[in-house]
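The block underneath contains the structure these notes are about, expressed in structure tokens.
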Amino acid sequence: MKITSASATDAVPGQTRTDAPRKPPSSLAARAFAVQQAFTRLPGDVHALRTIAAAAGLDDATTHRILQTGVTDGVFEQVGRGRYRLGTGTARAGVQAMAHSPGSASTHGILEHLHRATGGLALLYVLSPFGGAKRLCTDYAIGDTDPADVGMTAEDVVSVSRSLRAGASGRVILAHLPRPIQDLVLAEEVPPTAGPGVIRDNDELAATFDGIRRLGFAVGRQECMPGWDSVAAPVLWHDAVMGSVLMLKPSPEMPADLRPLIYHTLKAAESISALTTNPPAAAR
């Protein structure tokens, strides 16, 4: 594993991924999945039939038949004349899938190891789509540190800590989300209590995404809180982001050579990702 130190803006500008389908799907099942996936590539939540068909690479008639069948099964909902959105059937499937992600009994030991190896605070964030894309801290290993000593006030928990716009842990999640979700987050206001290093310019923030995906981590310099720097890496379920691991240290204690901290943060995120991809037998 080759690791190089990176700052918040060490990235190749621009997106390298394409949201267009590679080729028209051939089988009936592939066409149905293409229609469902079209919603993840389109901005907003309600779309016209022709827009969905174009995103799926299908003709209008085929798309209409698939949508109507999906409406019957709750996979899609028809909103007005010729307009559709994803339905509760899709949401139930997503909840069912995410419910089998590893719990704290499996992840806490990994965070404890990261805390001991780096001397920093180790936190696990998960992606929450309810009410817009947010992050929630579900577990942490901070030793004898009092959360209040690191600025973890109630205001931070409900503002800075949940926003994907503020902090390395938010940016590594944001970098792996579909473009329409990224656009929704970029349209949000920067939390007023964010640190002085938070990236406020949308173009500058988006320019870090490619580098995060390429390097596998992000470095934050006083982004969430004044006086605290961080390293974060994404927790992935195959190619879908589930959350992030954050290693947090006081700025004066951050070494010039970040490679050891990056290494341990990456290993922690990879270990939790492995639990997500290949859960223990008892959890299946």
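The values are calculated or read from the model by the stated rules, or taken from the named source; none is laboratory data. Because the structure is a prediction, the values reported are computed rather than measured. Here the Cβ is made from the backbone with ideal geometry for all residues, glycine too, and neighbour counts use every protein chain on show.
Values computed for the structure shown
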item	result
Of the criteria (1) at pLDDT below 85; (2) in the same structural domain as residue 175 (by TED's automatic domain parsing); (3) acidic (Asp, Glu), which one residue 10 fails	(2)
Pairs with Cβ under 6 Å, 6+ apart, first in region 193-219 and without any contact (Cβ under 8 Å) to a residue 24 or more places away in the chain, second surrounded by fewer than 17 Cβ atoms within 10 Å (Cβ to Cβ) and outside any helix (DSSP H, G or I)	200/190
Residue tally, condition modelled with pLDDT under 70 and either in contact with a His (Cβ under 7 Å, 6 or more places away or on another chain) or not in a helix (DSSP H, G or I) (or both), over region 55-112	5
In region 231-243, residue farthest from the chain's Cα centre (by Cα) [restricted to those that are of a type outside the set (A, V, I, L, M) and at pLDDT below 95]	238
Residue list for region 141-168, restricted to those being modelled with pLDDT under 85, outside any loop (DSSP other than H, G, I, E, B) and within 24 Å of residue 116 (Cα to Cα)	147, 148, 149, 150
Hey, residue 198 aliphatic (A, V, I, L, M), modelled with pLDDT of 90 or more and touching a helix residue (DSSP H, G or I) at 6+ places or on another chain (Cβ under 8 Å) or not	no
Boolean, residue 41 is modelled with pLDDT under 75 and within 22 Å of residue 182 (Cα to Cα)	no
